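Contents: one structure, followed by commentary.
Bear in mind that the values in this text are calculations on the coordinates, not laboratory data. Keep in mind that this is a model prediction, so the values were computed, not measured. Virtual Cβ from ideal backbone geometry, glycine too; neighbours counted across all protein chains shown.
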Amino acid sequence: MKVGIVGASGYVGGEVLRLLLSHPKVEVSMVTSRQHVGKFLHKAQPSLRGFTDLKFSELDYEKMSDTCDLVFTAVPHGTATEIVKSLYDRGMKIIHLTVFSFASIHFLIISGFFSI
């Protein structure tokens, strides 16, 4: 399964990356960050040096929907609303991760993820 991570430079994004990069059935195909566009992933996530040669890209909804089967969002709660809606409107499978995910279950959209 090809996976993208929106907000991959932060703490939650880094933890998701750490888990997914070692998963045998997952290929991390796109990572985004507003501050680190064009930089190697390990510049923001030093513990992942040597695990991938991915570079951060801008959030491009069309590219993400063409490249990924599933997207994790690891951005602040307010920022995520527009991002999740835009991805959902393109038919993407989304897992939204923030501090408020469990309190605001309507932002957690799984739609078939458990069939990896």
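Using the Karplus curve 6.51 cos²θ - 1.76 cosθ + 1.60 with θ = phi - 60°, work out ³J(HN,Hα) for each residue of the stretch 87-92 in order, rounded to whole Hz, and write x for Gly and Pro.
Each residue's phi maps through the Karplus curve to give 5, 4, 4, 8, x, 6 Hz.
Suppose the chain between LYS85 and ARG49 were pulled fully straight at 0.36 nm per residue; how much longer would it get relative to their current alpha carbon spacing? Intermediate results must be reported in sequence, preceding the final value.
Numbers: separation 36, 0.36 × 36 = 12.96 nm, distance 3.23 nm.
My answer for the length gained is 9.7 nm.
Counting other C-beta atoms within 10 Å, and keeping those with at most 13, which DSSP coil trypsin sites (Lys or Arg not before Pro) do you find in the stretch 49-88? Write down the numbers at each step before the final one.
On the way: sites: ARG49, LYS55, LYS63, LYS85; in loops: ARG49.
In loop regions of the stretch 49-88 (DSSP not H, G, I, E or B), the sparsely surrounded trypsin sites (Lys or Arg not before Pro) are ARG49.
May I ask you to derive the relative contact order of the stretch 19-105, considering only C-alpha pairs under 8 Å and at least 6 residues apart, and to give it as an integer percent?
Numbers: 96 pairs, mean separation 20.2, N = 87.
Reported relative contact order: 23 percent.
First check a/c for the stretch 32-99, with a ≥ b ≥ c the square roots of the eigenvalues of its C-alpha gyration tensor; if it is under 1.5, answer rounded, and if not, answer prolate when a/b is larger than b/c or oblate otherwise. Intermediate values should be presented prior to the final figure.
Numbers: a/c = 2.01, a/b = 1.57, b/c = 1.28.
Note, shape of the stretch 32-99 comes out prolate.
DSSP loop (so not H, G, I, E, B), at most 16 other Cβ within 10 Å: list which GluC sites (Glu not before Pro) in the stretch 1-66 pass both filters. The partial results should precede the final answer.
On the way: sites: GLU15, GLU27, GLU58, GLU62; in loops: GLU58.
Listed in order of number, the matching sites are GLU58.
Ordered by residue, what ³J(HN,Hα) values in Hz, to whole numbers, does the stretch 58-65 give under the Karplus form 6.51 cos²θ - 1.76 cosθ + 1.60, where θ = phi - 60° and Gly and Pro are x?
Per-residue couplings from phi come out as 6, 6, 10, 4, 5, 4, 5, 5 Hz.
For the stretch 2-115, what is the per residue volume of the convex hull drawn over the alpha-carbon atoms, in cubic angstrom? Walk me through the numbers on the way to the answer.
Values: hull volume 11.0 nm³, N = 114.
It comes to 96 Å³ per residue, whole-number rounded.
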